[in-house]
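Have a look at the structure below before the remarks.
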Amino acid sequence: MRHNTSIDSFYNREYIHKPIMWREIIEYMERSVFKGDGVVVDCTLGEGGHSEIFLNYFKNIRVIGFERDPQILERAEARLSVFGDRFKSINDNFSSMGDRLSGETVNYILYDFGISSFHFDASGRGFSFAGNEKLDMSLDGTGLTAWDVVNKYSEGELRRIFREYGEEKWFPKIAKVIVEKRTESPIETTEELAEIVLRAIPKKFHVKNIHPATRIFQALRIEVNGELEAIKDGLLSGFNVLGENGIMMAMSFHSLEDRIAKRFFKRMSDGCLCGNDGKHCFCSGKPYGEILTRKPLMALEDEVAWNSRSRSAKLRVLRKTRDLDGEYR
């Protein structure tokens, strides 16, 4: 049964981000043994949209929000300051939960993978090809940037990330053209890169309503921020800090993210720590968790009409039944 609350009941229009599938999320929190009380960890705080709903909807809940981008964290902290000590922020990657939440009792964890609408629309860091911004894509403003990847990676390295992280079938041609173009002069902006990709893919293979550079920008963002490794580490560290009967909710926006969450949830429900399949797995088979979503939930039609970015969202939910009794590999 889906929650019947109006889709924009708690939406704060002062902010860019529209919290996706929040009705489904609060329903699973309500149906838990904790009935919406306790502590929820918002792993990708963003502008604080989901956290604001939790704090308004559940009067006996505390929120701990992880956000690695200090710029957007300031916006979230200002937004949620009215809730006093019911809200706590941590400027770090959610993969550090095990260290940062030592001794904390956690009842719910929400993973909203990817990046927020703020990053696409207002950060100015080149996450979108809609404008003409400097190639950056770094969430924390340190270390590797998209400029470094585009202008310094070898053709082979570019082929790898476009294939693995973008699932782009034209990866050899795009990597080759990028390397050729940058020998003339560095590729500096999103507009330059998008135009290169546009010309590298024959027009007859362009997909209607999807820019040809979409997958390439996704691949660069994942590489720059180490997103997939953070998801793997974050799921495990989150499971370890979650209490018994705690609810873990993972929302993904593309197949790479969803595949990682799906596999982790299945291993927890199968009681598998070794990662070996079938006859090669010698684990006890006693589950560590119960999958509550037989198939991932998708946004309902009214939400897709309200927020087109919810169209690709998939929500998976797991209830923890016991702690791990060995090393997860």
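The values are calculated or read from the model by the stated rules, or taken from the named source; none is laboratory data. Here the structure is a predicted model, which means the values were calculated and not measured. So basically every Cβ, Gly included, is an ideal-geometry build from the backbone, and we count neighbours across all protein chains shown.
Quick one: how many residues across the stretch 157-175 are in contact (Cβ under 8 Å) with a residue 24 or more places away in the chain and touching a helix residue (DSSP H, G or I) at 6+ places or on another chain (Cβ under 7 Å)?
Looking only at that region, the number is 9.
Given the conditions (1) in contact with a Cys (Cβ under 8 Å, 6 or more places away or on another chain); (2) of a type in the set (A, V, I, L, M, F, W, C); (3) crowded, with 18+ Cβ neighbours inside 10 Å, and given that C283 satisfies all but one, which numbered condition is not satisfied?
Just one mismatch for C283, condition (3).
Tell me which strands (runs of 3 or more DSSP E) are completely within the stretch 210-329 and hold 1 or more residues being acidic (D, E), or say none if there are none.
Those strands (runs of 3 or more DSSP E) span 242-252, 289-291.
Anything in the stretch 268-282 that is closer than 28 Å to T105 by Cα and without any contact (Cβ under 8 Å) to a residue 40 or more places away in the chain? List them, or say none.
Across the stretch 268-282, the qualifying residues are D270, G271, C272.
For G166, work out the one condition from (1) surrounded by 18 or more Cβ atoms within 10 Å (Cβ to Cβ); (2) in a helix (DSSP H, G or I) it doesn't fulfil.
Tallying (1) surrounded by 18 or more Cβ atoms within 10 Å (Cβ to Cβ); (2) in a helix (DSSP H, G or I), G166 fails exactly one: (2).
For S102, are the conditions met, namely being small (G, A, S), surrounded by fewer than 24 Cβ atoms within 10 Å (Cβ to Cβ) and at pLDDT 95 or above?
The answer is no for S102.
Please tell me if K208 is assigned by TED's automatic domain parsing to the domain that holds V149, more than 27 Å from the chain's Cα centre (by Cα) and not aromatic (F, W, Y).
It is false that K208 is assigned by TED's automatic domain parsing to the domain that holds V149, more than 27 Å from the chain's Cα centre (by Cα) and not aromatic (F, W, Y).
Please find, within the stretch 67-117, the residue that is nearest to G36 (Cα to Cα) out of those that are in contact with a His (Cβ under 8 Å, 6 or more places away or on another chain) and among the charged types (D, E, K, R).
D112
Select, from V82, V33, V41, the only residue that is farther than 24 Å from L236 by Cα and not basic (K, R).
V82
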